[in-house]
């Protein structure tokens, strides 16, 4: 058995397709992209899931923990554990421009890039600990909880990230990582974009004005609710059970 997490299957999966009894995939878009497979099953990708959505009071408590205003929409920006330099630089530009009056930003810079962000802000006479409407942290351990408490998520488009955004039903702006195998992050992002759950900004087109414009387009209550429902439509439930069932079916053969 094989499992493919991305919407565009990788070389290893394609090469082994004819010799594999069952290939499990995360997104239905991957099925037709493995034409030589004997059997392809849509199971989703297993991730840690919240046992339940956070209550309003829990979301307020979580926002206050990060010194955010509970009354203002939160835009969560992260680029994985290592951070994403392009996203970090754009939020530094946002801090300089001071145009985020309608929303606040929680930037998860990544451990290795926190000092870089701090120094870039220092160059424009800004203190990383005292920004107007922007909070910067190196890492968040309870990331899914913070995603759930946020109104909009901005991130790269790795398979796990896209899966978690769908599971939590969050409107998103995705900036696919360029120069990766078969541009697979672009295909992952399109899974959400095609159902109206996300907006895509190409890495080379990312700048503070483009990002701000996309955020403002999404901020109305109706738009956020529509995008949230669209994201949830992509989510697959009981992933672990589906995978376990496929293993049992194969073993019985």
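Please treat every number below as a calculation from the coordinates, not as lab data. Values in this document were obtained by computation on a predicted structure and should not be read as measured data. With ideal geometry, Cβ positions are generated from the backbone for all residues, glycine too; neighbour counts draw on all protein chains shown.
By the Cα gyration tensor, the stretch 109-153 has an equivalent ellipsoid whose semi-axes, rounded to whole angstrom, run 23, 13, 7 from largest to smallest.
Is any residue of the stretch 62-93 close enough, with backbone N under 15 Å, to a label point placed 7 angstrom from the Cα of residue 142 along the Cα-Cβ axis, and if so, which? Under 15 Å, as judged by backbone N against the label point of residue 142, lie 62-68 of the stretch 62-93. Relative to the dominant Cα principal axis of the chain, helix 184-193 is inclined by about 80°. Listing 65, 253, 156 from fewest to most neighbouring C-beta atoms within 10 Å gives 253, 65, 156.
The C-alpha atoms of the chain define a longest principal axis, and helix 159-168 lies at about 70 degrees to it.
Cβ crowding within 10 Å ranks 8, 116 as 116, 8, fewest other Cβ atoms first.
Considering the zone a paramagnetic label at residue 31 would reach in this model (a point 7 Å from Cα along the Cα-to-Cβ line), which residues of the stretch 215-233 have amide N under 13 Å from it? Counting backbone N atoms under 13 Å from the label point, the list is empty.
Size of the stretch 18-113: Rg and Dmax of its alpha carbons, in Å, are 20.1, 56. Separation of the stretch 120-165 and the stretch 21-41, taken as the distance between their Cα centroids, equals 34 angstrom. If you line up the long axis of helix 85-97 against the longest principal axis of the chain, both from Cα atoms, how many degrees apart are they, to the nearest 10? Helix 85-97 sits at roughly 30 degrees to that axis.
A compact globular protein would have a Cα radius of gyration near 2.2 N^0.38 Å; the ratio found for the chain is 1.07.
When only Cα pairs below 8 angstrom with a gap of at least 6 residues are kept, the chain shows a relative contact order of 19 percent.
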